[in-house]
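Beneath this line is the structure, given in C-alpha cells, with notes to follow.
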Amino acid sequence: MAGTAVRGRLTWQTATVSAVMDETPAVRTLSFEVPDWAGHRAGQHLDIRLTADDGYRAERSYSIASAPGEPVAITVERLDDGEVSPYLTQDVQPGDEIELRGPIGGYFVWDGGSVPLLLLAGGSGVVPLRAMLRHRSRVGSSVPVRLLYSVRSLPDVIYRPELSAEPDGVQVIYTLTRQQPPGWTGYARRVDPAMIGEVAWPTAQAPLAYVCGPTNFVEAVAADLVSLGYPPQRVKTERFGATGAP
Ligand SMILES: Cc1cc2nc3c(=O)[nH]c(=O)nc-3n(C[C@H](O)[C@H](O)[C@H](O)COP(=O)(O)OP(=O)(O)OC[C@H]3O[C@@H](n4cnc5c(N)ncnc54)[C@H](O)[C@@H]3O)c2cc1C
C-alpha cells in the first residue's frame, strides 16, 4: 500500500545492529534488523540519527551497502575529526539500537537492465556501487560492468575479497593514488580524462554511468564523461560531501 511505503521511508524507527564487520582499519560495515523495512533498491541510501544524553541530535546519510532482498547494511568510513562516523565505526556493537529512516532516493538506483554499466567510485563512494554489483549477481544479470575505483592504497580498498572475485562480465580497475605495492602496474594517479577515456565503454553501446564519492571527485568525473560524449542523463551522480580526496 502506498501509504505504508511512505510511512516506512520517512518515519524514524529503531533498528537493532545485527552484525559489525571491519572492511579496512578505518571502515566498518554495520548490518541491521529493521522491523518495518519496505525493501530497498540498489543505490538508495538511509539516514541515521544519533541523540546525545542532553538531547543534541546529529543526522547523516549512508548508502545502503546490501542488495535488495539482503539484510539492510551500511559501510562507514571513519573521519577522525567527524561527529558521527567515529561512533559508528568504533563504538557501535551488535545488539545496540540505532534510529534510522529509509530507504531514500529514486534517481541513483540500478534495478537491472541490458546496457553496459560504468561504475566510478572515489573512496567510500564504492558502497552503493557494491549494492548494484550484488544485485546484478543475485538476479543473474550478465550485463557487462567496469568499476573504476580510486583509492589511496590497496589496504584501503573496501570489499577487497568480494571485488577481487570479479564475477563473469565484471572488471574492477583500481587506481591507487597515494601508495602502490612493489611491482604495481596499474593506475597510480587521481582519475583524469585520459584514464576515463581508456576505461569507459564506447558511447555507441549506450552505457549507463554511476559516479559516487566526495563531491569534487564526482563533479570532475561526471564532467569528463560528458566531454567524452556521454549524455548527461546517462551519468548518474551521488555526492557524499567534502569527505576527503581518494
Ligand atoms: C547520500 C549520501 C550517502 C552517503 N553514504 C556514505 C557511505 O556509504 N559511507 C560513508 O562513510 N559516508 C557516506 N556519506 C557521508 C556521511 O553522510 C557523512 O558525511 C560522513 O560519515 C561524515 O560524517 P561525520 O559526522 O563523521 O563528519 P562531520 O562531523 O560531518 O565532518 C565531516 C568533515 O567535515 C569537516 N567539517 C565538519 N564541520 C566543518 C566546518 N564547520 N568547517 C570545515 N570543515 C568541517 C570535518 O573536519 C570532517 O573532516 C554519505 C553522504 C550522503 C549525502
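The values are calculated or read from the model by the stated rules, or taken from the named source; none is laboratory data. This structure is a prediction, so every number in the text was calculated from the model and none was measured. Heads up, the Cβs are rebuilt from the backbone with ideal geometry, glycines too, and the neighbour counts pull from every protein chain shown. Just the protein is used for accessible areas: all its heavy atoms, side chains included, with ligands, DNA and RNA removed. Shrake-Rupley method; radii C 1.70, N 1.55, O 1.52, S 1.80 Å.
Which value, in Å², gives the accessible area per residue of the stretch 120-246 when a 1.4 Å probe is used on the protein heavy atoms?
On the way: 5600 Å² over 127 residues.
Using a 1.4 Å probe on heavy atoms only, each residue of the stretch 120-246 averages 44 Å².
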Theoretical gain in end-to-end length, GLU59 to ARG190 [0.36 nm per residue, Cα-Cα removed]: 44.1 nm
Here, TYR87 and GLU198, labelled 7 Å along Cα→Cβ, have an inter-label distance in nm of 4.4 nm
Packing-based order for 32-38, 214-220, 199-205, using average beta carbon neighbours within 10 Å, highest first: 214-220, 32-38, 199-205
Placing +1 on the Cβ of each Lys and Arg and -1 on the Cβ of each Asp and Glu in the chain, which of ALA121, LEU46, GLY140 has its Cα farthest towards the positive end of the resulting dipole? GLY140
With all protein chains present, the stretch 1-159 has a carbon and sulfur share of its accessible area (1.4 Å probe) in percent of 48 percent
Would you calculate the convex hull of the Cα atoms in the stretch 158-215 and tell me its volume per residue in Å³? 136 Å³
What length, rounded to one decimal in nm, is gained on full extension from MET21 through to GLN171, with 0.36 nm per residue of separation minus their alpha-carbon distance? 51.5 nm
Label-point gap, in nm, between ALA52 and SER142 - each point 7 angstrom along Cα→Cβ: 5.6 nm
What number do you get for the stretch 91-246 when its Cα radius of gyration is normalised by 2.2 N^0.38 Å, N = residues? 1.05
Tell me, in nm to one decimal, what length is gained between VAL226 and ALA38 on full extension, where the rule is 0.36 nm per residue of separation less the Cα-Cα distance? 64.2 nm
Residue-averaged [θ]222 nm for the chain, counting only DSSP H segments that reach four residues, each worth -39500 (n - 2.57): -5500 deg cm²/dmol
GLN180 paired with ASN216, simple spin-label distance in nm, labels 7 Å along Cα-to-beta-carbon: 2.2 nm
